[in-house]
Amino acid sequence: MKTFVISLIFLIGLTPCYSQTGGETGKKIPINLPTILKLAGANNLTIKQYNLLYHLSISAVAQAYEWYLPTVFVGPEAHFLQGANMNAMGLKVNDANQRELWFGGGLATEWDFSNGIYNVMAKKQQSIAAKENTQAQRNNVILQAISDYYDLLTAQFQYMQLTNLLAQADTISTQIKVQVDAGLRYESEYLLAQSSYSHISIERTSAQVNYLEKSNALLSLLNIDTSAVMVSMDTGMEPLDLMKNITDTSLTNYTQYIANRPEYKSMQAELSSIQDQKKTVTVGLLMPKLYLGSAPDGVMGDFGSPYNSTYRVDGALLWSIPIGLLAYKGELKEYNDQINIEQNGLDQFSNQVYLQVGNARAQLILARDQIQTATLALTESKNALSQSIEREALGTVRPFEVFQSEEFYVQAEIDYLNSVSNFNKAQYNLYVAIGNNL
């Protein structure tokens with residue numbers, strides 16, 4: 001397959017840079033595909049946001065583990081009593097006067113085995129879901145960066161070629177004008193040349209706008225705040241070999257493609273999280289709550305009658321019986337509805353993967369055929385241009401006809417480049433659609 005090569009010197013020398021407002025700035029940001037892949041993963045704000053959400057889920061897991069650790073308290077305590085009091089034997093003591101100052105500490109804990117255990121399990125699944133969702137978003141962002149880069153490359157080349165072609169059109173139009181004034185050419189030939197010049201000028205302006213839009217799209221995606229224009233430094237574009245055997249991507253294997261996708265793994269983890277939370281209102285009701293606490297008091301000093309140190313331990317093992325939950329089962333129904341929603345989301349995603357794989361595979365096959373057609377057209381237009389140049393040297397063809405042959409050749413070059421760009425983008429789309437990560 002023919003390799004289309006863009007000269008690096010030509011790329012740098014003929015591409016003026018424009019700011020976002022269209023004025024020339026002379027400032028360029030040289031890029032290539034590896035640089036785009038690196039920057040998209042590091043600078044994109046969407047990926048950063050999902051990374052932060054993943055770290056938040058890890059913190060939530062750490063917090064969930066706190067359930068089994070007790071609370072410790074320590075500090076001074078003042079006690080003052082004046083008047084009647086009742087002692088431990090139930091006898092009333094009149095005119096009691098107690099003034100004590102203690103310093104002590106203790107601990108207290110409530111072990112809710114149901115919420116504690118299943119909450120940790122649910123938070124772990126939510127963290128897995130956040131991690132896989134982050135990877136899915138990373139794939140989407142990098143895929144978009146790849147598509148934008150190839151669009152930039154084709155738009156940049158088209159703008160360069162039309163700029164060069166416009167200069168030649170101006171030269172030919174000027175030459176024909178001189179010949180018309182000398183009576184050697186018809187005025188209609190000059191008007192035809194001027195019409196061609198105007199058409200190319202319009203196309204060049206459209207190409208310039210398209211080029212700036214593609215550059216700005218990449219600047220935004222990569223979170224680069226600058227008025228410069230991105231300039232591809234790749235010296236050529238050739239068909240990739242990312243998906244060597246398209247027949248290996250048969251739709252009969254799409255069940256495995258679904259299982260490989262991070263979106264599916266994320267949704268499965270979310271489903272598992274809801275199922276773990278549901279256990280708190282099913283088997284979790286059989287689990288008791290254990291209460292333990294101690295309150296030792298050490299005498300720090302008295303400002304009245306002496307007070308002896310004490311130490312107290314309290315404990316309880318209780319089962320909660322939520323009558324409302326048992327009667328109406330509202331919370332249980334909510335969990336069941338959430339599970340059904342997640343299951344429906346998984347079914348929808350299965351259909352989505354089937355569609356994505358099928359579309360990407362069809363695009364890849366068609367783009368491959370398109371490259372073959374574009375290669376043939378490029379070869380034929382090149383031969384036609386060479387023959388026109390030879391005939392011009394013999395004086396059997398006019399310069400404007402040679403220029404038209406060159407127009408066809410430039411268009412064939414652009415068609416070929418677009419075909420290769422579509423082919424490469426389709427390969428990346430298929431690569432991700434069957435469950436690979438970028």
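Observations, loosely collected:
- Boolean, residue 217 is in contact (Cβ under 8 Å) with a residue 12 or more places away in the chain, within 17 Å of residue 407 (Cβ to Cβ) and either part of a loop (DSSP other than H, G, I, E, B) or hydrophobic (A, V, I, L, M, F, W, C) (or both): no
Each row is one residue, and each column tells you yes or no for (1) assigned to a loop (DSSP other than H, G, I, E, B); (2) modelled with pLDDT under 90.
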position: 315; (1), (2): no, yes
position: 320; (1), (2): yes, yes
position: 324; (1), (2): no, yes
position: 332; (1), (2): no, no
position: 335; (1), (2): no, no
position: 340; (1), (2): no, no
position: 349; (1), (2): no, no
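- If only residues of region 155-170 that are out of contact with any Phe, Trp or Tyr (no Cβ under 9 Å at 6 or more places or on another chain) and surrounded by fewer than 21 Cβ atoms within 10 Å (Cβ to Cβ) are counted, the one that is farthest from residue 401 (Cα to Cα) is 163.
- Meets criteria (modelled with pLDDT under 85 and either surrounded by 15 or more Cβ atoms within 10 Å (Cβ to Cβ) or more than 22 Å from the chain's Cα centre (by Cα) (or both)) for residue 284: no
The values are calculated or read from the model by the stated rules, or taken from the named source; none is laboratory data. From a predicted model like this one, the values you see are computed outputs, not experimental measurements. Because the Cβ atoms are built from the backbone with ideal geometry, glycine has one as well, and the counts that use them run over all protein chains shown.
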